[in-house]
Amino acid sequence: MTEPLMIVVAGVVALALGILLGKLIFSKNTQIKIQEAEEQAKRIITEGQLSAENLKKDKLLEAKEKYLQMKSEHEKEVMQRNQKLAESENRIKQKEQSLNQKNEQLQKQVTENEAIKENLARQIELVNIKRSELEKHQEEHIRRLEKVAALTAEEARHQLIESLKEEARTQALSHIQEIVEDAKLKANKEAKKIIIQSIQRTAAEQTIENAITVFNLESDEIKGQIIGREGRNIRAIEAATGVDLIVDDTPEAIVLSSFDPLRREIARLSLQRLVQDGRIHPARIEEVVEKTKRQLEEQVMEIGERTVIELGIHGLHKELVRMVGKMRFRSSYGQNLLMHSKETANLCAVMAAELGLNPKLAKRAGLLHDIGKVPDEESELSHALLGAKLAEKYGEHPAIVNAIGAHHDEMEMAYVISPIVQACDAISGARPGARREIMQSYLQRIKDLENLAMAYEGVEKAYAIQAGRELRVIVESDKVSDNDADRLSFEIANKIQTEMQYPGQIKVTVIRERRAVNVAR
């Protein structure tokens, strides 16, 4: 190979080597720069992330502060609204309580002042409008509170109720105490007013009766016929009627004495018939007395019917009407029972009308309240309970039954008219001069005297006469012999002496009589 060629080849090789070496050097520098750039980029990214984290934390803290601030403001606003709502509720309740008080007062005075009632109606209407507005306002508050505080209406109401409970209870107790005291004061005044008006509007007649009846005669000659030979006529009259006939120096008059008004009436009517007829002897006396008893039963029915018509009472059972008529011949502490019952009925009607109740029902209960004092058969029940039993038996209203049974507190009062009947019964009996306790004790002693004799076997009738100073006992001749009559008189006298208290002495007369009666036809 030639030298120039070798030089060229060497130059080419050197150039190639240089190019190769340059590429190697450039590639290495490039990798270094890339690595440096990557490291720088990593540093920038790291710094950016740190900066972003710091910025994020700052923003989060700032956002949290703003959130807490907003939450605090919302809580304050909620508390303020709750407070306003509580104040609104208090005002509403106070207004309601005030209106309730006004409403009660106006209801009591409504009959006296209609203008006040209309004014109250307008005020109530205005308050209802305001209440509806307040309710709408309250509903709006509740919706806003639910939105702000994230509470339901039920939860908010429960919290409100719990917060106001103690305060409301204290205020309510104080108001209730004031209302009760005011009501007691007004109730006492109204009760006195009604009772006084009822007494003033009821004209009461004299109801005390004596235990004697004066039978007037046309002349004193008739006294001898009434007495009869050896006093047999007068003894027959006394034995048949149980009434003591007092024939004294009083001109043209005979005194009929008995504690039982019904017996005195039978004796009076019988004497009247006997005197008009002129035939006065023991057989005729007994016949007339029996007829008089039957006719008096009809008269009792007429008295009852006349009484219920006079009082305007309708639909009363016939047995109750008959018992009302029998009241005319009964007395309570010397006060005629029928007059007392009529007076009580009128008082009940007036008082019930004043109180806005049913006056007819109250009048009916007042008339029947002592119906248990005139039973056809003796009973161990008190007259109040017996009267309630009779009223229930004959279909009276339950309120009347309760009023009769409860007028002496022997039955619990279940109806409004029961205390009215009790009060009117006390008013009628408590009037000055209406009753005599001594008279009632005397009548009770007479009854006990007769009942004591009737307890013995073989006794048919027993009458206390001579104002209780003599007891006449009529026995059955086929059951009691003459010796038994003597023994019976002695035993009754001893029993009276040991078991009863009485002034003076009591004569016991046992009458035994045997009759043989036949009819010729």
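Quick note: the coordinates plus some simple rules give every number you see, no bench work behind them. Note that the structure is predicted; figures quoted are calculated from it, not measured. Here the Cβ positions follow ideal geometry from the backbone for every residue, glycine too, while neighbour counts run over all protein chains shown.
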| field | Summed residue charge, Cβ within 12 Å of Ala406's Cβ, Lys/Arg positive, Asp/Glu negative | value | -4
| note | When the charge dipole of segment 212-297 is computed with +1 at the Cβ of Lys and Arg and -1 at the Cβ of Asp and Glu, the Cα pointing farthest to the positive end, of Leu269, Phe215, Leu256, is that of Leu269
| task | Report ³J(HN,Hα) in whole Hz for each residue of segment 377-392, in order, from the Karplus equation J = 6.51 cos²θ - 1.76 cosθ + 1.60 where θ = phi - 60°; Gly and Pro get x. | result | 10, 5, 9, 7, 6, 5, 5, 5, 5, 5, x, 5, 5, 5, 4, 5
| message | Quick check for me: using +1 on Lys/Arg Cβ and -1 on Asp/Glu Cβ, what's the dipole size of segment 35-114 about its Cα centre, in debye to the nearest 20? | response | 320
| said: Positive end of the dipole of segment 440-512, charges at C-beta (+1 Lys, Arg; -1 Asp, Glu), about the Cα centre: which of Asn451, Ile506, Leu488 has its Cα farthest in that direction? | reply: Ile506
| request: Using DSSP, restrict attention to beta bridges with both residues in segment 440-512 and report what percent are antiparallel, rounded to the nearest 5. | output: 50
| Could you put His369, His397, His407 in order, starting from the residue whose Cβ has the fewest other Cβ atoms within 10 Å? | His397, His407, His369
| field | Radius 14 Å from Cβ of Glu39, net charge of other residues (Lys, Arg +1; Asp, Glu -1) | value | 0
| said: Skipping prolines and chain starts, which residues have an amide H placed within reach, meaning under 5 Å, of the one on Val510, given they are 5 or more residues away or on another chain? | reply: Val473
| request: Mind checking the full-extension length gain between Gln444 and Glu38? Use 0.36 nm per residue of separation minus the Cα-Cα distance, one decimal, nm. | output: 132.5 nm
| Ranked list, fewest to most other Cβ atoms within 10 Å of each Cβ, for Thr213, Thr509, Thr30 | Thr30, Thr509, Thr213
| query | Can you put Val243, Val517, Val508 in order, fewest other beta carbons within 10 Å first? | reply | Val517, Val508, Val243
| field | Among the listed pairs Lys326/Lys447; Lys318/Lys389; Lys223/Lys447; Lys389/Lys461; Lys76/Lys165; Lys373/Lys461, those beyond 20 Å (Cα-Cα) | value | Lys223/Lys447; Lys389/Lys461; Lys76/Lys165; Lys373/Lys461
| What size of dipole, in debye to the nearest 20, comes out for segment 334-426 about its Cα centre when the only charges are +1 on Lys and Arg C-beta atoms and -1 on Asp and Glu C-beta atoms? | 440
| said: Give me the net charge for the shell around Ala464: Cβ to Cβ below 10 angstrom, other residues only, Lys and Arg +1, Asp and Glu -1. | reply: -1
